[in-house]
Amino acid sequence: MASMVSSSPLKSSNKNYSYNNNPSSNKGSSRISYIIFSNQETNEEPNKQLGRREIILRTSEIAVLGAIFHFGGKKPNYLGVQKNPQALALCPATNNCISTSEDVSDLTHYAPPWSYNPENGRGKKKPVSREEAMNELIQVIKSKKPDNFTPRIMEKKDDYIRVEYESPIMGFVDDVEFWFPPGKNSTVEYRSASRFGNFDFEVNKKRIKALRVELEKKGWASVGTF
């Protein structure tokens, strides 16, 4: 989730939007201007009423902005399994991304991978196949909506899943990837990143944790901690 409107695969840049208060110049801005003007006319009402009207005003402004702009953005072209070395992409310098590909010393961006057949768990007793583990992951993705973000599975391969999580109000999109590396290892790598902003208020970490907690109920485990 974004904290401000800016985007870049490696850097962040600010985009400032302004609205003309002339109703004849822009339909979206005229609607905002009308709301603000209407609020100003109520200055003679009691303070309590003004407080409530301010709340309605702010909510209306957000709704109008959401209708005018959709902050989904385009899918970054660097998503997917990288070739050299074979891994998911690293994070940009912004604080709105976590990835298992990062160095463990990077406390801002590193996240530990998962195991769907942990040695001290069902890996010993009743291990599952990669296909079964992927189906478990898909079930959890579809059933959980951390922070009310709507998940949409956009891409699915034998060893890879890409999900877009869309915020409920402004339509901000976070890209979440899961990769099942080749070999007998039951490790699952992942990356969760916001397309816009510099900070995400740990939304990506909270999302991954919520998914992990549900997967642990099925027998998965984290290979390390945040």
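The values are calculated or read from the model by the stated rules, or taken from the named source; none is laboratory data. What you see is a predicted model; the values in this text were computed from it and never measured. Using ideal geometry, Cβ is built from the backbone for each residue, glycine included, and neighbour counts are taken over all protein chains shown. What goes into the accessible areas is simple: the full protein's heavy atoms, side chains included, and nothing from ligands, DNA or RNA. Shrake-Rupley method; radii C 1.70, N 1.55, O 1.52, S 1.80 Å.
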Notebook entry, point to check: Restricting attention to the range 166-211, which trypsin sites (Lys or Arg not before Pro) occupy a DSSP loop and are surrounded by at most 15 other Cβ atoms within 10 Å?
Noted result: 184
Check: Using only the Cα atoms, what convex hull volume per residue in Å³ does the range 91-160 have?
Finding: 139
Margin query: Let me see the P(r) profile for the range 81-222: every Cα-Cα distance counted, bins of 5 Å, each bin given as a percent of all pairs.
Written below: 2, 10, 20, 24, 21, 14, 7, 2, 0, 0
Check: Using a probe of 1.4 angstrom, how much of the accessible area of the range 81-222 is carbon and sulfur, in percent?
Finding: 48
Checklist line | Per residue, in Å², the accessible surface of the range 81-222 once ligands and nucleic acids are set aside, probe 1.4 Å | finding: 50
Note to self: Once you keep just the Cα pairs under 8 angstrom separated by 6 or more residues, what percentage relative contact order results for the range 81-222?
What the structure shows: 29
Checklist line | Low-density loop cleavage sites - trypsin sites (Lys or Arg not before Pro) in the range 132-173, where at most 13 other Cβ are within 10 Å (DSSP) | finding: 157
